[in-house]
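The values are calculated or read from the model by the stated rules, or taken from the named source; none is laboratory data. Bear in mind that the values here come from a model prediction, so they are computed numbers and not experimental data. Because the Cβ atoms are built from the backbone with ideal geometry, glycine has one as well, and the counts that use them run over all protein chains shown. Side chains are part of the model used for accessible areas, which takes the heavy atoms of the whole protein and leaves out ligands, DNA and RNA. Shrake-Rupley method; radii C 1.70, N 1.55, O 1.52, S 1.80 Å.
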Amino acid sequence: MSAPRRADIRLNLAPDGSGLHIAFDRADHKLVGFTLEAPELDRLIALLGAARAELAERVPAELEPGARVPATFAPAWQVSETGTPGTHAVMLRHPGFGWLGFVLLGHEARALAESLDTRCSLGANGRLNTAARR
């Protein structure tokens, strides 16, 4: 029995930006195609993310050395209480995935704040800028 051929996935934005056409094709024929508007696409992305989290092949717990991760420049963010003592919610806005929420334990939140504080206090030469620290 031969291995199934993988489908090619094509994405085409509607000319007016109102939707996204998604097509799954194989070399020999079109499998399926459909157009989704923003709310439907948001739901599909959420469902795909939830399904991906359940796959046996997990997302790596650590970044590989030298890994390049697409980043969003200067995202909107919010921090709030979760209602559970000792935890803090951090929300970051991604232009394609929407608002992503993360709940940090108190010690994790402090470690993140300290890491950011240290990095924000470094000068252009990568050395600690003591004048910027209080």
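Quick one: PRO65 ticks every box in (1) open to solvent by 90 Å² or more (accessible area, probe 1.4 Å); (2) at pLDDT below 95; (3) in contact with a strand residue (DSSP E or B) (Cβ under 6 Å, 6 or more places away or on another chain) except a single one, so which number is it?
(3)
Out of the range 81-120, which residues are open to solvent by 60 Å² or more (accessible area, probe 1.4 Å) and under 30 Å from LEU44 (Cα atoms)?
GLU81, GLY83, THR84, LEU92, ARG93, PRO95, PHE97, TRP99, LEU100, PHE102, VAL103, LEU105
Pairs under 8 Å by beta carbon, first residue under 18 Å from GLY96 (Cβ atoms) and open to solvent by 90 Å² or more (accessible area, probe 1.4 Å) in the range 27-54, partner of a type in the set (S, T, N, Q) and not in a helix (DSSP H, G or I), six or more apart or different chains?
Taking only residues 6 or more apart or on different chains, the pairs are GLU37/SER18.
For ALA7, indicate whether it is in contact with a Phe, Trp or Tyr (Cβ under 6 Å, 6 or more places away or on another chain) and over 30 Å from GLU108 (Cβ atoms). Don't jump to the end; show me each part of the working.
Numbers: in contact with a Phe, Trp or Tyr (Cβ under 6 Å, 6 or more places away or on another chain): yes; over 30 Å from GLU108 (Cβ atoms): yes.
When the stated conditions are applied, ALA7 passes them.
Could you check the range 68-112 and list, in sequence order, the residues that are over 25 Å from LEU48 (Cα atoms), assigned to a strand (DSSP E or B) and either modelled with pLDDT of 95 or more or not hydrophobic (A, V, I, L, M, F, W, C) (or both)?
Of everything in the range 68-112, those that are over 25 Å from LEU48 (Cα atoms), assigned to a strand (DSSP E or B) and either modelled with pLDDT of 95 or more or not hydrophobic (A, V, I, L, M, F, W, C) (or both) turn out to be SER80, GLU81, THR87, HIS88, LEU105.
Determine whether ARG127 is exposed (fewer than 10 other Cβ atoms within 10 Å of the Cβ) and either among the hydrophobic types (A, V, I, L, M, F, W, C) or modelled with pLDDT under 95 (or both).
yes
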